[in-house]
Amino acid sequence: MKLTLFFFLLLPGLARAHEVSLITQHISLKKQHQSGWQQDVIARAAVSRNFDVGLQGTYLERFDLFENRMGGYLMYHPTNRLTLDARYLRGKSTNEILPLDQFDFSAYYALFKGYTPFLFFRDSRYSITDLQTLTIGVEIEKIPHFIIIPQFMFGSAAFESPADSKNVHGISLKVMYYVEKQFSLFAYGSSGKEASQGIVGQGSLLVDTLTGGLGGGYFLSPDLRAELFVDHTDYQELQTQFLTTTLQLRWMF
């Protein structure tokens, strides 16, 4: 669920032809007195009126694990209203937290003024867990300067040991206030049931999650935007809580 929210934070930069984003996350495991880092680099370039291509790389340090993945994506804009996005990321064979293979597909459609429904499909293949999820939501902008984004996630997690398959689900809401080309403020919350491997590594569990977060963005210049947001997630079954701080720098040109 948190990754899906993170994905949607990238979308406002699409107004420019090219873009480079640096995303740094620091995770503090409050009850275990441990911490971890994750660094993402995402680059996108317009190659024609209808097509964009991009590259993405991730490096993660957590629980004395050092993991990475790399991949690329293709965006297609067949009309002014519709955007399609397909991504593939490949992780190294020793990954325990990051997937070995991950495929994402999203579709946005500006249905009519103030409403943009979307769907987001993710297929993640971990070392001992296969996870498929579908997220459906809508961007609602009927009040000037405000965007409200409710979304629902559901899917299935198949575990290797012991062999089993269980349903995952989630619900989230994000509210943003913004002034075009100046700043934005946002708050979000989510709850649901997720597979444990993408959280703490190898494990065949479903865990209840409850997340709340706050953040903001500011244009340091017409081409450079910075975002900082902090969220807190409670994982009761794992007896731990994550405090995640994310800094994103986006250069648009």
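For the range 78-94: of the residues being small (Gly, Ala, Ser) and assigned to a strand (DSSP E or B), which is farthest from His33 (Cα to Cα)?
Within the range 78-94, the match that is farthest from His33 (Cα to Cα) is Ala86.
Is it the case that the range 218-227 has a residue that's within 23 Å of Asp130 (Cβ to Cβ), of a type in the set (D, E, K, R) and either in contact with a strand residue (DSSP E or B) (Cβ under 9 Å, 6 or more places away or on another chain) or in contact (Cβ under 8 Å) with a residue 60 or more places away in the chain (or both)?
No, the conditions are met nowhere in the range 218-227.
Filter the range 54-77 down to the residues that are assigned to a strand (DSSP E or B) and acidic (Asp, Glu), then identify the one that is surrounded by the fewest Cβ atoms within 10 Å (Cβ to Cβ).
Glu61
Is it fair to say Ser124 is modelled with pLDDT under 95 and among the hydroxyl-bearing types (Ser, Thr, Tyr)?
No; evaluated as a whole, the condition is false for this residue.
Hey, among the residues in the range 78-92 that are of a type outside the set (D, E, K, R), touching a strand residue (DSSP E or B) at 6+ places or on another chain (Cβ under 8 Å) and surrounded by fewer than 18 Cβ atoms within 10 Å (Cβ to Cβ), which one's farthest from Ile23 (Cα to Cα)?
Filtering first and then ranking leaves Pro78.
Looking only at residues that are closer than 17 Å to His18 by Cβ and charged (D, E, K, R) in the range 36-77, which one is modelled with the lowest pLDDT?
Arg49
Just give me the residues in the range 217-234 being in contact with a Ser or Thr (Cβ under 6 Å, 6 or more places away or on another chain) and closer than 18 Å to Ser190 by Cα, in sequence order.
Within the range 217-234, Phe229, Val230, Asp231, Thr233 meet the criteria.
Name the residues in the range 35-53 that are among the small types (Gly, Ala, Ser) and either under 18 Å from Gln25 (Cβ atoms) or not in a loop (DSSP other than H, G, I, E, B) (or both), would you?
Ser35, Gly36, Ala43, Ala45, Ala46
Which residues, counting only those in the range 189-234, are closer than 30 Å to His18 by Cα and among the acidic types (Asp, Glu)?
Asp223, Glu227, Asp231 - these are the residues of the range 189-234 that are closer than 30 Å to His18 by Cα and among the acidic types (Asp, Glu).
Report whether or not Phe118 is at pLDDT below 95 and of a type in the set (Phe, Trp, Tyr).
No, not satisfied.
Taking only pairs six or more apart or across chains, which ones have beta-carbon atoms under 9 Å, a first residue in the range 44-60 that is closer than 18 Å to His77 by Cα, and a second residue that is assigned to a strand (DSSP E or B) and of a type in the set (S, T, N, Q)?
Within 9 Å, the pairs are Arg44/Ser21.
Please enumerate the residues belonging to the range 77-86 that are over 14 Å from Asp104 (Cβ atoms) and touching a residue at least 12 places away in the same chain (Cβ under 8 Å).
Of everything in the range 77-86, those that are over 14 Å from Asp104 (Cβ atoms) and touching a residue at least 12 places away in the same chain (Cβ under 8 Å) turn out to be His77, Pro78, Asn80, Arg81, Leu82.
Of all residues in the range 148-179, how many are over 18 Å from the mean Cα position of the chain (by Cα) and either over 24 Å from Ser196 (Cβ atoms) or not in a strand (DSSP E or B) (or both)?
Of the residues in the range 148-179, 7 are over 18 Å from the mean Cα position of the chain (by Cα) and either over 24 Å from Ser196 (Cβ atoms) or not in a strand (DSSP E or B) (or both).
Could you look through the range 72-99, keep only residues that are of a type in the set (Val, Ile, Thr) and touching a helix residue (DSSP H, G or I) at 6+ places or on another chain (Cβ under 9 Å), and pick out the one that is farthest from Leu55 (Cα to Cα)?
Looking at the filtered set, the residue picked out is Ile97.
The values are calculated or read from the model by the stated rules, or taken from the named source; none is laboratory data. Keep in mind the model is a prediction, meaning the values are calculated, not measured. With ideal geometry, Cβ positions are generated from the backbone for all residues, glycine too; neighbour counts draw on all protein chains shown.
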